[in-house]
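Each reported figure results from applying straightforward, stated rules to the coordinates on display, with no laboratory input. Fair warning: this is a prediction, and the values are worked out from it, not measured in the lab. No Cβ is skipped: glycine too gets one built from the backbone with ideal geometry, and neighbour counts run over all protein chains shown.
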Amino acid sequence: MLELNAATIAFFIFSIFLVGGALGVVTSSNLIHGALYLIISLFGGAGFFVLLSAPFMAAVQVLVYIGAIAVLIIFAVMLTRSMTRMTEVYNRQWWLSALAGALLLLMLVVGVILPVWGNGGARPNMPISDIVATTEALGVAFVSGDQYVLPFEVASLLLTGVMIGAIVLARDTES
Amino acid sequence: MMETTCINVIETLAPCLVAGGAAPGLAAFISTLLGVLLVSAFPLVLVIILIWVERKIAARVQDRIGPNRVGPYGLLQNVADAIKLIIKEDITPAGADRLIYNAAPIIAMLSVLLIWAVVPFTPVHIGVDLSIGLLYFVSVSSIGTLAIMMAGWASNNKYALLGAFRVVAQLVSYEVPMVVALLVPVLLVGSLSMQDIVRGQIGMWFIVPCFVSAVIFYISNLAETGRAPFDLIEAESELVAGYNIEYSGMKFGLFMANEFMHAFTVNLFFALIFLGGWSGPGAEQVPVLGFFYLFIKTGFLYIPSLILRATVPRVRIDQMMAFNWKFLVPVSILNLLMVAFLLQVTKALGIAPALGETDFLANLPQALVLLAGNVALIVGIMTVLRNNGRRERAAEEAKRLRRMAASGRAMVPAGGTD
């Protein structure tokens with residue numbers, strides 16, 4: 001039985017942000033509105049990270065996704081002002097995307113939620129993991145040799161490469 | 001039932017309410033609500049005084065007296081202004097996106113007000129001591145960029161939109177050196193919690209071992225708050241007023257109050273991160289002393305920043321971007337690498353203080369090593385800059401001489417007039 005406490009109420013509020021924002025992104029014809037809906041959706045995601053006791057992820061979600069990426073999306077949309085009020089439907093196979101999205105959701109529901117909370121699954125109140133990771137643990141996991149140091153370094157190398165590539169592409173050819 | 005221990009701002013009232021007969025859940029709710037109200041109302045009241053201080057100081061710099069008609073020393077001038085702003089007609093321009101237009105000032109205000117939740121006023125009084133307090137400060141203040149973008153776009157005005165474009169360039173760019181500079185004190189404390197950062201400075205203020213990052217943090221804060229010399233967001237001569245050109249009445253007032261409050265808040269954080277926050281003689285025994293120490297330190301930072309604002313000219317947009325990406329970012333990264341290296345060296349030498357060491361003398365050797373590293377970094381940067389300047393001057397001089405020779409005229413000594 002679902003008990004109604006502050007965390008449950010917060011969960012439903014963040015769910016409304018997340019799902020409502022996502023619906024707004026795909027239905028609004030105004031690109032700026034779409035980007036703002038995306039921000040609401042990302043904010044809901046940050047709220048879920050807080051509920052999952054991952055405050056570091058929540059802060060990074062706000063800082064990187066809302067503070068930088070979403071703002072840059074809006075910036076790019078604004079530069080093409082005629083794009084902000086679109087009425088044409090560019091994607092004629094929208095029903096294909098909708099079908100793929102629905103199938104993916106179904107797979108996630110069946111594959112992730114059923115084994116944990118379903119009939120044959122574990123206890124309904126079982127936490128997903130007993131480990132409550134602190135920010136310190138996260139930092140240690142990134143640099144310790146037997147955990148994630150290799151993916152971490154590969155990702156940072158990739159990002160550096162992308163950054164240099166962007167600079168090379170955007171640079172004036174004469175100088 | 002009555003608890004006399006004070007845990008933080010939010011958790012002090014509830015035990016007393018329960019003792020008075022209220023249901024525990026209700027008592028907790030009321031005390032939380034009052035705590036939130038207190039923490040968020042404090043900066044709102046403070047900003048009225050801040051605007052008065054700013055106007056007085058700007059007036060003195062410009063050889064004027066400043067507001068002196070309403071109330072003693074003009075103290076009530078801002079109350080009068082606020083009333084005027086509230087009763088002014090509220091205009092929404094035709095073609096504006098109503099919802100976004102109206103939401104923008106509120107989000108701008110929120111981005112600064114929310115920061116105050118993690119400000120440790122005294123050793124025991126803090127809204128909430130998040131384990132990621134410093135990251136929270138950075139991420140919440142980054143929402144301010146979004147509010148300005150929304151205001152600029154929703155106004156349906158070219159000047160407002162141009163102002164908003166500049167904001168993204170400026171604020172997103174200057175976030176980079178700011179975050180990298182903030183990593184240095186985090187390296188020293190080993191925690192992102194604001195309370196831990198202040199406690200780590202009881203023995204030694206971080207401005208001594210992290211001088212370079214303190215300077216970078218100060219400069220990037222000037223840019224983040226959009227104040228002179230980085231006030232390109234609302235460059236009157238170029239953009240009329242910038243992103244808030246179409247706003248009137250209290251909506252404009254919210255943007256203005258937000259700017260003043262933000263300028264004060266970042267100085268408050270400078271005091272918290274580099275000047276020891278509430279720490280000072282007797283602050284741990286008498287917490288309220290810590291409150292005064294914190295605000296005296298902030299005042300020592302805030303008032304020079306006002307004089308700076310009133311005296312320096314505005315930089316050009318290309319100068320501003322070049323200064324950030326070609327100077328501040330490389331320096332902040334070098335600084336971070338230098339500090340990380342020296343911290344390992346002091347650890348190897350055995351002169352590093354234990355984490356949470358509050359004794360001044362125990363902290364001294366490591367701080368001196370780091371300070372020496374900072375000085376070496378500054379000297380190195382200065383040498384590079386001087387050599388670059390010389391090379392550029394020599395190149396210009398050579399170009400000038402070549403031009404002279406080509407035009408077949410007599411050589412004019414450098415600095416001569418034509």
Inset, instruction - Provide the gained length on full extension for the span B:Glu396 to B:Ile30, in nm with one decimal, where the gain is 0.36 nm per separating residue minus the Cα-Cα distance. - result: 124.8 nm
Inset, instruction - Could you please report the charge total around B:Ile216, scoring K, R as +1 and D, E as -1 over all other residues with beta-carbon less than 13 angstrom from its beta-carbon? - result: -2
Legend entry - Length-normalised contact order of chain B in % [C-alpha pairs under 8 Å, at least 6 apart]: 18
Inset, instruction - Please give the residues of region B:31-58, grouped as numeric ranges, whose backbone N is less than 19 Å from a label point set 7 Å along the Cα-to-Cβ vector of B:Ile296. - result: none
Inset, instruction - If a/c stays under 1.5 just call it rounded; otherwise compare a/b with b/c (prolate if a/b is bigger, oblate if not). Do that for the protein assembly as shown, with a ≥ b ≥ c from the square roots of the Cα gyration tensor eigenvalues. - result: rounded
Inset, instruction - Could you work out, residue by residue across B:166-178, how many beta carbons of other chains sit within 10 Å of that residue's beta carbon, and then give the average as an integer? - result: 2
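Cα-Cα over 31 Å: which of B:Lys56/B:Lys297; B:Lys88/B:Lys158; B:Lys158/B:Lys251; B:Lys88/B:Lys297; B:Lys326/B:Lys399; B:Lys84/B:Lys297?
On the way: B:Lys56/B:Lys297 20 Å; B:Lys88/B:Lys158 24 Å; B:Lys158/B:Lys251 19 Å; B:Lys88/B:Lys297 37 Å; B:Lys326/B:Lys399 25 Å; B:Lys84/B:Lys297 33 Å.
Where the Cα-Cα span goes over 31 Å, the pairs concerned are B:Lys88/B:Lys297; B:Lys84/B:Lys297.
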Inset, instruction - Using only atoms on other chains, find how many Cβ atoms lie within 10 Å of each Cβ of peptide A:54-67 and report the average. - result: 5
Inset, instruction - Estimate the FRET efficiency between A:Gln93 and A:Val26 by the formula 1/(1 + (r/R0)^6), using the beta-carbon distance for r and 22 Å for R0, to the nearest 0.05. - result: 0.95
Inset, instruction - With a Förster radius of 45 Å, plug the Cβ-Cβ distance of B:Gln285 and A:Val149 into 1/(1 + (r/R0)^6) and report the FRET value to the nearest 0.05. - result: 0.50
Legend entry - Amide N proximity, region B:304-329 versus A:Ile167 label position 7 Å along Cα-to-Cβ, cut-off under 18 Å: B:319-329
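How much FRET efficiency would the formula 1/(1 + (r/R0)^6) give for B:Ala405 and B:Ile307, where r is the Cβ-Cβ distance and R0 is 56 Å, rounded to 0.05?
0.70
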Legend entry - For chain B, built as a Gaussian network whose Cα springs stay under 10 Å, the top-fluctuating residue of B:Arg199, B:Arg314, B:Arg227: B:Arg314
Inset, instruction - Classify chain B as rounded, prolate or oblate from the Cα gyration tensor: take a ≥ b ≥ c as the square roots of its eigenvalues, call it rounded if a/c is under 1.5, otherwise prolate when a/b beats b/c and oblate if not. - result: oblate
